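Read the figures in this text as sums done on the coordinates, not as results from a lab. Nothing here was measured: the structure is a model prediction, and the numbers come from that model. Because the Cβ atoms are built from the backbone with ideal geometry, glycine has one as well, and the counts that use them run over all protein chains shown.
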Amino acid sequence: MAATGSTASPLFLREDEIRRGIELLYFGYTRMTRAVDAYLAPQGLGRAHHRALYFIARQPDLIVSELLALLAVTKQSLGRVLNDLIERGLVETRPGARDRRQKQLRLTADGAKLEAELFEALRSQMAAAYVQAGQGSVTGFWQVLEGLIPPEDRKMVLGLRG
């Protein structure tokens, strides 16, 4: 049960219930990322940098085109973010294993340290929310979020597990 003590109406597809879910997603995401934003801003980095670091940490040797697909941003936007991260010594590139024209991405030691610090700020918040909600609610939450992912992207996103 949610911290507010409220439960979803049996008429959970009504506009009010859908709006409530959207509001909770907005507010939850905003509150969750504040700590990360506050940490990144003095370094001249933002959420796009954090997202890139996160996914490169999840899949070392990720190629640029795969990161582009995961982040669903323009090539130009990703290029700016990657250039910043490379110039700061947080990400390194090397030629692809199968195709040397591809760039594989990997965090440097400094990049891994920064990503771990950022993850810890998020982990503690998510863990507290998970404990409060309980295991069954966590499973339901994941199912709702997975349902928001277009079917053609689910395999890519669910492949991040593990």
Practice prompt. Express in nm, to one decimal, how much length is gained between residue 15 and residue 109 on full extension, taking 0.36 nm for each residue of separation and deducting their alpha carbon distance.
Written response: 29.1 nm
Response to the item:
When 113, 103 are ranked with the fewest other C-beta atoms within 10 Å first, the list becomes 113, 103
Fill in: Lys, Arg +1 and Asp, Glu -1 on Cβ, resulting dipole of the chain about Cα centre, debye, nearest 20
400 debye
Worksheet, complete the sentence: If N is the residue count of segment 1-159, its Cα Rg over 2.2 N^0.38 Å rounds to 1.20
Worksheet, complete the sentence: Length gained, residue 65-residue 116, 0.36 nm per residue minus C-alpha separation, equals 16.0 nm
Worksheet item: What is the order of 141, 55, fewest Cβ neighbours within 10 Å to most?
Response: 141, 55
Discussion item. Quick check: residue separation of residue 24 and residue 126 times 0.36 nm, minus the Cα distance between them. What number comes out in nm?
Written reply: 35.3 nm
Practice prompt. Report, in order of residue number, the helices in the chain meeting two criteria: a C-alpha extent of 27 Å or more along the helix axis, and a mean Kyte-Doolittle hydropathy of at least -1.0; treat each whole DSSP H run as one helix.
Written response: 15-40, 109-133
Practice prompt. Please list, or write none, the aspartates and glutamates whose alpha carbon is within less than 20 Å of the alpha carbon of residue 113, excluding same-chain residues fewer than 8 places away.
Written response: 37, 61, 84, 87, 92
